[in-house]
Amino acid sequence: MASWSEFAADEPRLADEIRLLMQQYGPGFGYLATVRADGGPRVHPVSPVFTADGLWCFVIDSPKRRDLERDGRYALHSFPPEESDDEAYVAGRARPVTDPATVARLARIGRASPQGDWRLFEFTVEAAMLTRRDPVGPGAAPPQVRVWLDPRAAEPARRDPLAAEGRRGRHGFDTRRPAA
């Protein structure tokens, strides 16, 4: 799966708009979905940390952290803006970070309390989505949805061999086509 920086290099505008929506209230704020041991979903608010080299999250000792340690799959969704129903979504796998220098650097950036029983995870990106909506009312345009899929995570059956090559991004996915 792609790192945040690989995704951002491939689709810089989309990555920037997703980051801005996640950071609309200052530090990152979103909802983290994980997979419980019984396969069900678990959702909690978190404060993701965006840097040029990655997407990170400090997770305290909790069922959510045990989900990530056991399974690793996650989805991160933006908190809704006050003035619109725009939304951002990123999904992939969480990997524990154990390098002391990286943990210390991110703890400074994310203002993680040194007394907390937290662990740092890096979130890779398998899928990213941004939805922009016009205000509701007569003549409102349909939502504008942009999707990016990591081609290394895509199954061959998901690819569209008939799509025009000129409309494809560097990794082979048409990121300009609406997802709906």
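The set of residues from the stretch 69-109 being outside any loop (DSSP other than H, G, I, E, B), closer than 22 Å to residue 26 by Cβ, open to solvent by 30 Å² or more (accessible area, probe 1.4 Å) and in contact (Cβ under 8 Å) with a residue 40 or more places away in the chain comprises 77, 87, 89, 109. If you go through the stretch 130-155 and pick out every residue that is in a strand (DSSP E or B) and in contact with a helix residue (DSSP H, G or I) (Cβ under 8 Å, 6 or more places away or on another chain), you end up with 4.
Pairing residues of the stretch 9-33 that are part of a helix (DSSP H, G or I) with residues that are exposed (fewer than 13 other Cβ atoms within 10 Å of the Cβ), at Cβ distances under 6 Å and at least 6 apart in sequence or on separate chains, gives 10/170. If you scan the stretch 24-33, which residues turn out to be within 15 Å of residue 91 (Cα to Cα), open to solvent by less than 60 Å² (accessible area, probe 1.4 Å) and not hydrophobic (A, V, I, L, M, F, W, C)? Listed by number, the list holds a single entry, 30.
Only one entry in 63, 48, 80, 41 is over 11 Å from the mean Cα position of the chain (by Cα) and within 30 Å of residue 135 (Cα to Cα), namely 80.
Note on the stretch 110-125: residues that are farther than 21 Å from residue 20 by Cβ and in a loop (DSSP other than H, G, I, E, B) amount to 6. Taken over the stretch 34-62, residues that are open to solvent by 30 Å² or more (accessible area, probe 1.4 Å) and part of a loop (DSSP other than H, G, I, E, B) amount to 8. Just for the stretch 128-151: of the residues that are among the β-branched types (Val, Ile, Thr) and surrounded by 15 or more Cβ atoms within 10 Å (Cβ to Cβ), which one is farthest from the chain's Cα centre (by Cα)? Once the filter is applied, the top-ranked residue is 145.
This table checks each residue for (1) touching a Lys or Arg at 6+ places or on another chain (Cβ under 7 Å); (2) within 30 Å of residue 141 (Cα to Cα).
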| residue | (1), (2) |
| --- | --- |
| 3 | no, no |
| 28 | no, yes |
| 48 | no, no |
| 63 | yes, no |
| 99 | no, no |
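The values are calculated or read from the model by the stated rules, or taken from the named source; none is laboratory data. For clarity, every value in this text was computed on a predicted model and none was experimentally measured. Here the Cβ is made from the backbone with ideal geometry for all residues, glycine too, and neighbour counts use every protein chain on show. The protein model used for the area step is the full one, side chains on, heavy atoms only, and it has no ligands, DNA or RNA in it. Shrake-Rupley method; radii C 1.70, N 1.55, O 1.52, S 1.80 Å.
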